[in-house]
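Have a look at the structure below, then the notes.
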Amino acid sequence: MKERFAVFLALALCCLFPVQGASAGREIVYGFDGDYPPHTFIRDGKPEGFDIDVLRAILENRDATVIYKPLQWAEVQEDLRRGTVHMTSGMAKTKEREALYLFPAAPLSDLRISLFSSDRGQVRFLSGLKGKRVATQKGSLYQKILEERGVTPVLYETEADALQVLVRGDADAFAGSEDTAFYNLREKGWSGVYPVSTPLRASTLHYAVRKGDTELLGILNEGLERIRKNGTLDRLYRQWFVTELTEEEIGMLRKGAEEAVRFAYAPYSGIQGGAAVLGFSGKVYRGCTVENALSSCTTGAVQAAVLNAAASGETRFRGVLSLLPGGGTAVPGAQERQILCEFGRETLVVLDDGQGGVRTVMVSELLPFPCRVE
């Protein structure tokens, strides 16, 4: 899948990295894609990434030793099927795979394969790609999806290579994983590129365990539930996936929400709400309360802001701020939280900190369960 594996496999293949605080009791061979940031990758000869940090948190204080085995993705799946690898991560669950592997009850993260455009380009929708220069990774699922939809992409060895072509203006669009694209944009300091329109495919990613290894499956299930409840899972997710809001961006959100409050339609409750969401393009979208005599038809301010953004082709948000009359921030209601979470659990909600300032929490921290239902 990626030719660069030959470079680091000689250094990293079957390298032993004990879990901190654990002895060599249960040995776990963990096969993974070594070039899939921020989920799993090799840096300075060592395995890193969200999936790896989550596994370390799951196994903390357990009598277990992990052998990290970076491979090509096709090799990971074959070794897991044969049982020479005990587990992997970054796997989308399908009926075919459920017949071959065991999956924990909860997903690890979302997978969104999307079309990206730049502020220089005019491509906004999949239907406008024919005849355009669309960059993607050679041999990837992204290539297959584009070709199935009648698009002939320009192919590159890695997702980062393909994304860079769009960033420098030599392509009209890029197709790939949103999480990997955002990581590369942040790490390399690239800007002006963002996902547009409806994702080409949306799913969830999981740990997967070799068939019959119910002991390891139980360890993962217990550990995932434990770190979800104690907040470790959200902390690690924020560390790997979230770009924190600047003071300027929070100010932009507040200004947008204040402007929206003035247009609220609230003849029944008299409570005029306004909200603003910040898209990955850097644009702020406003929304206000629009009440209806039939309460089920009332639209909340956050919902209105999200719908406004989606109508403009923006489907991923970095932050949201909702205001009540008087200027205090409002915590999004249950329906608004789920609406936000649909577009990314990492959206930062700006709230008053009780001391005259503000704090931010991921929208997933306001929900009792994972955002996406299996």
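Listing for the model above:
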| read-out | value |
| --- | --- |
| Amide H contacts of ASP110 (H built 1.01 Å from N, under 5 Å, at least 5 apart or other chain) | LEU205 |
| Simple Cβ-charge dipole of the chain, Lys/Arg +1 and Asp/Glu -1, about Cα centre, in debye nearest 20 | 560 |
| ³J(HN,Hα), Karplus 6.51/-1.76/1.60, whole Hz, each residue of region 265-278, x for Gly, Pro | 10, 9, x, 9, 9, x, 9, 8, x, x, 8, 8, 10, 9 |
| Residue with peak Gaussian network fluctuation, the chain [Cα springs, cutoff 10 Å], from ALA181, ALA64, ALA171 | ALA64 |
| Residue (of ALA181, ALA162, PRO199) at the positive-pole extreme of region 111-202, dipole from beta-carbon charges | PRO199 |
| Length-normalised contact order of the chain in % [C-alpha pairs under 8 Å, at least 6 apart] | 14 |
| Whole-Hz couplings from phi, Karplus 6.51/-1.76/1.60, listed for region 161-172; x for Gly and Pro | 4, 5, 5, 4, 4, 5, 4, 8, x, 9, 9, 8 |
| Residue range of the chain that is longest and free of chymotrypsin sites (Phe, Trp or Tyr not before Pro) which are both DSSP loop and sparsely packed (at most 16 other C-beta within 10 Å) | 126-262 |
| Environment charge at ARG235 (Cβ cut-off 10 Å; Lys +1, Arg +1, Asp -1, Glu -1) | -2 |
| Residues whose placed amide H lies under 5 Å from that of ARG316, excluding near-sequence neighbours | PHE280 |
| Segment ARG26-LYS255, length gained on full extension (0.36 nm per residue, minus Cα span) | 76.9 nm |
| Only Lys, Arg (+1) and Asp, Glu (-1) charged, at Cβ; region 111-202 dipole about Cα centre in debye | 260 |
| Max mean-square fluctuation residue, GNM over the chain, Cα-Cα springs under 10 Å, options GLY90, GLY31, GLY169 | GLY169 |
| Farthest positive-ward along the chain dipole, Cα basis, beta-carbon charges - from SER117, LEU129, VAL66 | LEU129 |
| Rounded to 10°, Cα long-axis angle of helix 50-59 versus longest principal axis of the chain | 70 |
| Using θ = phi - 60° and Karplus 6.51 cos²θ - 1.76 cosθ + 1.60, couplings along region 31-39 (whole Hz; Gly, Pro as x) | x, 8, 6, x, 9, 9, x, x, 6 |
| Long-range tail of P(r) for region 111-202 (Cα pairs > 16 Å, %) | 44 |
| Footprinting exposure proxy for CYS341, CYS297, CYS288 (fewest neighbouring C-beta atoms within 10 Å first) | CYS297, CYS341, CYS288 |
| Kirkwood Rh (inverse of mean 1/r, distinct Cα pairs), the chain, angstrom | 22.1 |
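Just so you know, all these numbers are worked out from the coordinates, no wet-lab data involved. As the structure is a computational prediction, the values presented were derived from the model and not from experiment. Heads up, the Cβs are rebuilt from the backbone with ideal geometry, glycines too, and the neighbour counts pull from every protein chain shown.
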